[in-house]
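The structure appears right after this line, and notes come after that.
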Amino acid sequence: DTAVSQTPKYLVTQMGNDKSIKCEQNLGHDTMYWYKQDSKKFLKIMFSYNNKELIINETVPNRFSPKSPDKAHLNLHINSLELGDSAVYFCASSQDRRTGGFSYGYTFGSGTRLTVV
Amino acid sequence: AQSVAQPEDQVNVAEGNPLTVKCTYSVSGNPYLFWYVQYPNRGLQFLLKYITGDNLVKGSYGFEAEFNKSQTSFHLKKPSALVSDSALYFCAVRVVINTNAGKSTFGDGTTLTVKP
């Protein structure tokens, strides 16, 4: 059973298109994240949801919109794709409740490689 | 704001030799510190963590890390490197945002290459 699964694994699309990446976790975790890994392998947080509530919203263009229908799912929708959006996007989850949850590591998905042409 | 520095982009060691991947951090309050490993075309995998207690923590695949509060460091170590340890390693620090959420900041990563 895959703990954190992302679809699609690869996404090639033209500039200006709108696309979505889906993420699901079956670990029962209460917090989910989106991270962007650029061509230099730097990893930057984009969004975090805790029990469907937006907790972290870093400086990300508003073309990026996360949606969390329930605590097991966190999707990322991107409007008007640009060349600079090409990257690998990772979904992750963790158990972040106050009772020691912050001591748990993250479980990452295998990533979605987005290429904008 | 918290930050993490991994001063070396690349670490090269010979198989069987000890390895060290360096990490320093800056955070208000007590840090939660983590190491992750990323193999090519894969997501990050949790290796080990320091939360409290013994400064030397042990993790997966024979890795360990030493927490040094005075030097604000959390270096990753392994007594005897394997070729299969070659990967990208990330140090991360986590802070509490509120009672229900924390935020992790990752270093820029260090590529470890172990040569036979």
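The values are calculated or read from the model by the stated rules, or taken from the named source; none is laboratory data. Predicted model only: the values in this text are computed from it and were never measured. Cβ atoms come from the backbone with ideal geometry, glycine included; neighbour counts cover every protein chain shown. Quick note on the areas: whole protein, heavy atoms, side chains included, nothing else; ligands and nucleic acids left out. Shrake-Rupley method; radii C 1.70, N 1.55, O 1.52, S 1.80 Å.
Tell me yes or no: at least one residue of the range A:22-33 is within 22 Å of B:Ser3 (Cα to Cα) and over 10 Å from the mean Cα position of the chain (by Cα).
Yes: the range A:22-33 contains one or more residues that are within 22 Å of B:Ser3 (Cα to Cα) and over 10 Å from the mean Cα position of the chain (by Cα).
Using beta carbons and a limit of 7 Å, which pairs, at least six apart or on different chains, have the first residue in the range B:65-86 and of a type in the set (Lys, Arg) and the second one part of a strand (DSSP E or B) and open to solvent by 60 Å² or more (accessible area, probe 1.4 Å)?
Short answer, once both residue conditions are applied: B:Lys77/B:Glu66.
Yes or no: the range B:45-52 includes at least one residue that is more than 10 Å from every other protein chain (Cβ to nearest Cβ), in contact with a strand residue (DSSP E or B) (Cβ under 6 Å, 6 or more places away or on another chain), open to solvent by less than 60 Å² (accessible area, probe 1.4 Å) and closer than 17 Å to B:Phe106 by Cα.
Taking the range B:45-52 as the starting set, the residues that turn out to be more than 10 Å from every other protein chain (Cβ to nearest Cβ) are none.
Within the range B:45-52, not a single residue is more than 10 Å from every other protein chain (Cβ to nearest Cβ), in contact with a strand residue (DSSP E or B) (Cβ under 6 Å, 6 or more places away or on another chain), open to solvent by less than 60 Å² (accessible area, probe 1.4 Å) and closer than 17 Å to B:Phe106 by Cα.
Scanning for something open to solvent by 10 Å² or more (accessible area, probe 1.4 Å) and either at pLDDT below 95 or under 26 Å from B:Tyr89 (Cα atoms) (or both), does the range A:13-21 turn up at least one residue?
No: zero hits.
Looking at (1) open to solvent by 70 Å² or more (accessible area, probe 1.4 Å); (2) facing another protein chain (nearest Cβ under 10 Å); (3) without any contact (Cβ under 8 Å) to a residue 12 or more places away in the chain, find the lone condition where A:Asn57 falls short.
That leaves (2) as the condition not met.
Which of (1) open to solvent by less than 40 Å² (accessible area, probe 1.4 Å); (2) touching a residue at least 12 places away in the same chain (Cβ under 8 Å) does B:Val57 not meet, given it meets every other one?
So the condition that B:Val57 fails would be (2).
Got a sec? Which strands (runs of 3 or more DSSP E) wholly within the range B:54-114 have at least 2 residues that are within 11 Å of the chain's Cα centre (by Cα)?
Details: elements: B:56-58, B:64-68, B:73-78, B:87-98, B:101-106.
It comes to B:64-68, B:73-78, B:87-98.
Output the residue which, of all residues in the range B:88-114 that are open to solvent by 10 Å² or more (accessible area, probe 1.4 Å) and within 15 Å of B:Thr20 (Cα to Cα), is nearest to the other protein chains (Cβ to nearest Cβ).
B:Leu88
For the range A:71-85, indicate whether the set of residues that are modelled with pLDDT of 90 or more, within 14 Å of chain B (Cβ to nearest Cβ) and surrounded by fewer than 21 Cβ atoms within 10 Å (Cβ to Cβ) is non-empty. Give the derivation first.
In the first step, residues of the range A:71-85 are kept if they are modelled with pLDDT of 90 or more; the result is A:72-85.
Now restrict to residues that are within 14 Å of chain B (Cβ to nearest Cβ): A:74.
Going one step further and asking which of them are surrounded by fewer than 21 Cβ atoms within 10 Å (Cβ to Cβ), we end up with none.
No: the range A:71-85 contains no residue that is modelled with pLDDT of 90 or more, within 14 Å of chain B (Cβ to nearest Cβ) and surrounded by fewer than 21 Cβ atoms within 10 Å (Cβ to Cβ).
Consider B:Glu8 against the criteria (1) outside any loop (DSSP other than H, G, I, E, B); (2) in contact (Cβ under 8 Å) with a residue 12 or more places away in the chain; (3) more than 10 Å from chain A (Cβ to nearest Cβ): it satisfies all of them except one. Which criterion is unmet?
Of everything listed in (1) outside any loop (DSSP other than H, G, I, E, B); (2) in contact (Cβ under 8 Å) with a residue 12 or more places away in the chain; (3) more than 10 Å from chain A (Cβ to nearest Cβ), B:Glu8 misses just condition (1).
Looking at A:Asn26, A:Asn62, A:Asn51 in this structure, which one is out of contact with any strand residue (DSSP E or B) (no Cβ under 6 Å at 6 or more places or on another chain) and surrounded by 14 or more Cβ atoms within 10 Å (Cβ to Cβ)?
Numbers: A:Asn26 fails: surrounded by 14 or more Cβ atoms within 10 Å (Cβ to Cβ); A:Asn62 fails: surrounded by 14 or more Cβ atoms within 10 Å (Cβ to Cβ).
Unique residue meeting the criteria: A:Asn51.
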